Amino acid sequence: MADNALRNFITKKWNIRGRKIGTLDIMLLIGMTWAGIMLRYCLRDVETQDYTVCLGPWIEGFRAGGIAAFKGDSFNYTMPYMFFLYLVSKVNCNSLYLIKLLSSAFDLILAILCGLIVYEYTKSDMRSYLAYGIVFNLPTIAVNSGLWGQCDVIYVTFIVASFYMLLKDKSRASMILYGLAFAIKLQTLFVFPFYVFMWVKKKIPVARFLYIPAMYILCALPGLFTGRSFSKLMLTYVEQGNTEPWMLSWHWPNIWLMFGPMAFWEYYSRVGLIATVAVIMLLLYFLVSKDISLDKDMMIKIMLMFAWVVPFFLPYMHERYGYLADIFALILFFKGPKKFLLPMLGVLISFVAYTGYLNGETAIPEYLFCFVMAGLVSYSVLQVFRSKTR
C-alpha cells in the first residue's frame with residue numbers, strides 16, 4: 001500500500017495556475033537548482049583582481065568615508081551598483097559573499113526568464129525546464145557570478161526580460177527594462193540595433209525609446225544627494241571609455257585580436273568604431289529592404305546576430321562580452337537540436353576568454369578562437385538573411 005502511494009505521488013500531476021506539472025518535474029527543477037547553488041557555494045571564497053583592486057577598496061572607502069565617499073573619483077561604475085556596494089559596506093558580513101550573492105540571485109532570475117522565453121516559442125514544458133537548468137548551471141554564468149563576482153548578469157537579465165516583454169507585445173515594459181539595463185552597463189548598446197529594427201517593424205513606438213535615457217537619469221539622480229556632481233553622474237560611460245584604451249582587445253577573440261591586441265591601437269581603434277557603425281547600418285539596411293517575416297524565432301535570431309556582430313568589430317572588448325550572445329544562442333538551440341553548435345562553441349569561446357584573464361594563460365592560443373568567432377558571426381548573419389521574406 002505504501003509502495004502504491006509513493007508511486008502515485010511520483011507520477012502525480014499538479015495543477016499550478018492552469019499548467020500541469022508532475023512531481024518528477026518538480027524534483028528535476030529542485031535538483032538543477034540545488035546543483036547550481038552548490039556550484040556557486042564551492043567558488044565563494046575565490047578573490048580575483050577585480051575584487052582586490054576595485055570592489056574591495058571601494059567598499060572600504062565607503063566604510064571609512066561614509067556617503068561622502070561618493071564625491072571621489074575612485075570609481076567609474078553607475079550609481080545603482082555603487083549604491084549596492086554602499087549598502088554592503090554597512091553590513092557586518094563578508095563583502096565578497098554579498099557581492100556574489102546578488103549576482104547569483106540574478107543568475108536564478110535570468111534562468112527563469114530563459115525558461116519562460118523557451119516555453120513562449122516552443123510550448124514545451126520539458127524544454128523550458130531544461131533551459132532553466134542549463135542556464136543556471138552554465139559554466140560561464142556560474143564562474144562570472146560565483147567565482148569572479150562580476151555583475152554582467154544584472155544588465156543581461158534586464159535585457160532578457162525586455163526581450164520577453166517584447167515577445168508578449170508589451171513594448172512599454174520592454175523599453176523600461178531595456179532602460180534599466182542601460183543604467184547598469186553600457187554594453188546594453190550591443191543590441192540597440194535590434195530595438196531600432198523593432199521600431200521599423202512597428203513593434204515599438206518611437207516615443208518609447210525615451211525610456212532609455214529616462215531610466216538612466218532616474219537611476220543616477222539619487223547620486224546628487226550624496227554630493228556627487230551632475231556631470232560625473234551623466235558622464236560615467238565617457239569616463240569608462242577613457243580607462244585603459246591601449247588594448248584593442250582584452251582577451252575577447254574578435255577581429256582585432258587577430259592583428260594583436262596592441263598593434264597600432266590608436267589608429268585601429270578609430271577604424272574599428274567606424275567599421276562597427278558601418279556594419280550595423282548595412283545590416284539594418286538589408287533587414288529593412290529584405291522585408292523579413294518577423295516571428296518569435298526570427299526575433300531571437302536577429303538579437304543573437306547583433307549580440308555577436310557588434311563586439312566582434314568593436315575595439316576594447318573584454319573577455320565577458322559574449323555573455324548576452326551565449327544566452328540567446330542557448331535559447332535558439334531549444335527550437336531544434338541542429339543549433340547545438342551555436343551555444344556549445346559560444347560558451348567554449350567565452351570560457352577560454354575567461355581563462356585568459358583569470359589564469360593569465362590558455363591551453364590553446366586565444367587568436368585561434370578569432371576564426372571560430374568569425375564563423376559564428378557569419379553563420380548568425382546568414383541564418384537571418386536566408387530566411388523567408390513576407
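The values are calculated or read from the model by the stated rules, or taken from the named source; none is laboratory data. Since the structure is predicted, the reported quantities are computational estimates derived from the model, not experimental observations. Positions of Cβ are generated from backbone atoms using ideal geometry, with glycine treated the same way; all protein chains shown enter the neighbour counts.
In the stretch 206-215 there is no residue matching the filter, namely being over 22 Å from the mean Cα position of the chain (by Cα), exposed (fewer than 12 other Cβ atoms within 10 Å of the Cβ), of a type outside the set (Ser, Thr, Tyr) and at pLDDT below 85.
Could you please let me know if Ser74 is among the hydroxyl-bearing types (Ser, Thr, Tyr) and buried (at least 20 other Cβ atoms within 10 Å of the Cβ)? When the stated conditions are applied, Ser74 does not pass them.
Please specify each residue of the stretch 139-180 satisfying the condition of being among the polar types (S, T, N, Q) and either closer than 27 Å to Leu98 by Cα or modelled with pLDDT under 95 (or both). Show your work before the answer.
Pass one, the stretch 139-180, residues among the polar types (S, T, N, Q): 140, 144-145, 150, 157, 162, 171, 174.
Within the stretch 139-180, Thr140, Asn144, Ser145, Gln150, Thr157, Ser162 meet the criteria.
For the stretch 323-346, a residue qualifies if it is in contact (Cβ under 8 Å) with a residue 12 or more places away in the chain, surrounded by fewer than 22 Cβ atoms within 10 Å (Cβ to Cβ) and either among the β-branched types (Val, Ile, Thr) or not in a helix (DSSP H, G or I) (or both), and exactly one does: Lys335.
Check whether at least one residue in the stretch 254-274 is at pLDDT 90 or above and under 30 Å from Arg172 (Cβ atoms), and report yes or no. For the stretch 254-274, residues at pLDDT 90 or above and under 30 Å from Arg172 (Cβ atoms): absent.
Looking only at the stretch 132-141, count how many residues are closer than 11 Å to Cys114 by Cβ and either of a type outside the set (A, V, I, L, M, F, W, C) or over 16 Å from the mean Cα position of the chain (by Cα) (or both). Of the residues in that region, 2 qualify. The helices (runs of 4 or more DSSP H) falling completely within the stretch 181-237 that include 1 or more residues that are polar (S, T, N, Q) map to 230-234. When restricted to residues that are among the aliphatic types (A, V, I, L, M) and farther than 17 Å from Ile141 by Cα, the stretch 326-362 contains 2.
All of Phe62, Phe75, Phe70 fail the test of being within 28 Å of Ile159 (Cα to Cα) and in a helix (DSSP H, G or I), apart from Phe70. Screening Lys20 with (1) in a loop (DSSP other than H, G, I, E, B); (2) in contact with a strand residue (DSSP E or B) (Cβ under 9 Å, 6 or more places away or on another chain) gives one miss only, at (1). Can we say Arg390 is modelled with pLDDT under 95, closer than 28 Å to Phe106 by Cα and of a type in the set (Lys, Arg)? Here the answer is no, as Arg390 does not meet what is asked. Counting residues in the stretch 368-376 that are over 19 Å from the mean Cα position of the chain (by Cα) and within 17 Å of Ile331 (Cβ to Cβ) gives zero. Annotation note: of Tyr86, Tyr132, the sole residue that is assigned to a helix (DSSP H, G or I) and either in contact with a Leu (Cβ under 8 Å, 6 or more places away or on another chain) or without any contact (Cβ under 8 Å) to a residue 12 or more places away in the chain (or both) is Tyr132. With respect to (1) farther than 30 Å from Met298 by Cβ; (2) assigned to a helix (DSSP H, G or I); (3) among the aliphatic types (A, V, I, L, M); (4) free of Cβ contacts under 8 Å to residues at least 24 places away in the same chain, the lone exception for Val91 is condition (2). Within the stretch 24-34, at least one residue is aromatic (Phe, Trp, Tyr) and farther than 16 Å from Leu102 by Cβ. Among the residues making up the stretch 63-72, a single one is within 25 Å of Gln187 (Cβ to Cβ) and in contact (Cβ under 8 Å) with a residue 24 or more places away in the chain: Phe70.
Entry remark, the stretch 349-360: residues being within 20 Å of Val381 (Cβ to Cβ) and either polar (S, T, N, Q) or surrounded by fewer than 21 Cβ atoms within 10 Å (Cβ to Cβ) (or both) number 1 in total. Only residues that are surrounded by 14 or more Cβ atoms within 10 Å (Cβ to Cβ) and within 16 Å of Asn359 (Cα to Cα) were counted in the stretch 44-68, giving 4. The single residue among Thr157, Thr140 that is closer than 19 Å to Leu348 by Cβ and touching a helix residue (DSSP H, G or I) at 6+ places or on another chain (Cβ under 7 Å) turns out to be Thr140.
Within the stretch 347-362, the set of residues being in contact with a helix residue (DSSP H, G or I) (Cβ under 8 Å, 6 or more places away or on another chain), of a type outside the set (D, E, K, R) and not in a helix (DSSP H, G or I) comprises just one member, Thr362. Based on what the data block shows, is Phe197 touching a residue at least 60 places away in the same chain (Cβ under 8 Å) and farther than 27 Å from Asp107 by Cβ? For Phe197, the condition - touching a residue at least 60 places away in the same chain (Cβ under 8 Å) and farther than 27 Å from Asp107 by Cβ - is met. With respect to Leu304, determine if the residue is of a type outside the set (Gly, Ala, Ser), crowded, with 23+ Cβ neighbours inside 10 Å, on the phi < 0 side of the Ramachandran plot and in a helix (DSSP H, G or I). When the stated conditions are applied, Leu304 passes them.
When Gly149 is tested against the conditions (1) crowded, with 22+ Cβ neighbours inside 10 Å; (2) assigned to a helix (DSSP H, G or I); (3) not basic (Lys, Arg), the lone failure is (2).
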